[in-house]
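A short worksheet on the structure shown next.
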Amino acid sequence: MEITVRKQLDAIGPPSTIINNGQNSSYLYERGWFPIVQEPFAGAWQRNKPLIMSNPLQNGTLYRCVTMIAADIAKMRLKLMQPSGRAGAQVWSETTSSAFTPVMSKPNAYQTRIQFFESWMISKLRRGNAYILKEYDQRPVVTAMYVLNPDRVKPLRASDGSIFYELNTDYLAGIPTDRVIVTPDDLMHDRMNCLFDPLVGMPPLFCASAPAIASLGMQEFSAQFFNNAARPGGLLSAPGEIPPEDIERLKKMMDQGYSEENRGKTAVMGNGLKFEPMQQNAVDSQLIEQLKHTDESIAAAFGIPGYMVGVKDPPNYNNAELLDLQYYKQVLQSPIEHLELILSEGLYLIDAGYRAEFDLTGLFRMDSQTQINTLAVAVDKGILTHNEARLLMGYGPQPGGDKLMAQQQMFTLEALTARDAAPAPIPTPAPTAKPSAQPPLNQRALLDALRKEFGRAAAA
């Protein structure tokens, strides 16, 4: 079924108003969908020799850098977020929508969500550009997304500054013919590092392809060297003059008798003939150091710490969270932010009051002891409830665990502010004792005793 776009070519104008943007292809190593087969030497295919493609992704470090970044981003769950809370303290919480959740969970019929975002990021990291074609329904709401081959898409610029894209045949995306012109409303363009043109992104391969190809050349040389029993080519010399006919005969004898399937055999020479190697072996040329240098250059182009792709020793401190945070800030944060913004705008989530956000929980995995201590402090300080902490640990909720806890001696900020703003209390004098009309009880008893004594004395 052909793709449904929102605007047709008729609305763009005559073809003369469209100008090819002239994408810089100096760093490309493929031509369209069908790369040219290149042989290591003429006739290699007929002689059943291995074909060596001029593709720097054959380098193990470069392949690891591209696939690791794509896989780490694709494994994160994409969430639909909506604002909640009072004005001025807006909090975004996850929600679902019948219009947006289906396409975010299943972008198209032949790819899962993880496969879709892996294709997206691989296209961006290999070519510097990722073109995502959108399919609409009658509302119109985006119902499917397709990652196009960047070699089959051309950004176009009209004379009035309008931007269009020329798409070529892609049956999976429902494009049956070449030269289909669409507008930016029909396509999401994710580009990185626009060094030369704002419509053309340049990938890390722009500077990493040279060391990758150099590394492949060294590996090819090493393979040929060891295929020749680790014996390099050299010079066959004699102490005296050699007739021309003997030169051809000796050369033919050496090539046929001690190369290819006959390599490793022992050559017996006379008349003062001497074989002198001309090529350096792997030790003399410091092959391992050169390969390590090229791998470090590739990792540096992607911003990946060398130990993560096996070209350096890992740090000697044990803090997995800090290492993951460093990797996130240097490598993943920028493409993640680009993805979230492009999806929020391209799926028209912002117009509906939503936004797209990746769940970063899967990226930052602490060890069990550190995670438990961190969550315990968060619960003790009233940041998380017990059930929220249990959810982060992978456990279910418990009754009574949905309330924030705080210690009794702690006061709210509002209460402390009101206390500080209140006027100081006026001290009141201590109350004075009022004179009593009757003497205290002990004095009355003394007077009664005296009266009795005086009464007895008077009677006598």
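The values are calculated or read from the model by the stated rules, or taken from the named source; none is laboratory data. Remember, predicted model here, so these are calculated numbers, not experimental data. Methodologically, a virtual Cβ is constructed for each residue, glycine included, from the backbone with ideal geometry; neighbour enumeration extends over all protein chains shown.
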Requested in this report: Check segment 366-373 and report whether any residue there is modelled with pLDDT under 90 and at positive phi.
Outcome: no
Filtering strands (runs of 3 or more DSSP E) wholly in segment 108-223 for at least 1 residues that are in contact with a helix residue (DSSP H, G or I) (Cβ under 6 Å, 6 or more places away or on another chain), β-branched (V, I, T) and more than 25 Å from S97 (Cβ to Cβ) gives 163-167, 180-182
Taking segment 292-345 and the residues there that are among the hydroxyl-bearing types (S, T, Y) and in a helix (DSSP H, G or I), the one that is farthest from S209 (Cα to Cα) would be S344
Looking across segment 300-345 at residues that are aromatic (F, W, Y) and under 20 Å from the mean Cα position of the chain (by Cα), the single one that is nearest to M76 (Cα to Cα) is Y328
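Here is a yes/no grid of residues against (1) among the aliphatic types (A, V, I, L, M); (2) surrounded by 15 or more Cβ atoms within 10 Å (Cβ to Cβ); (3) not assigned by TED's automatic domain parsing to the domain that holds P140:
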{"residue": "L343", "(1), (2), (3)": "yes, yes, no"}
{"residue": "I372", "(1), (2), (3)": "yes, no, yes"}
{"residue": "L384", "(1), (2), (3)": "yes, yes, yes"}
{"residue": "L404", "(1), (2), (3)": "yes, no, yes"}
{"residue": "Q409", "(1), (2), (3)": "no, no, yes"}
Per the filter on segment 168-182, residues surrounded by 14 or more Cβ atoms within 10 Å (Cβ to Cβ) and under 17 Å from A144 (Cα atoms) are D170, A173, G174, I175, V182
Review point. Under 18 Å from V200 (Cβ atoms) and either touching a Leu at 6+ places or on another chain (Cβ under 6 Å) or modelled with pLDDT of 90 or more (or both) - does that describe any residue in segment 96-119?
Key: no
Given (1) in a helix (DSSP H, G or I); (2) at pLDDT 85 or above; (3) more than 17 Å from D72 (Cα to Cα), Y348 misses just (1)
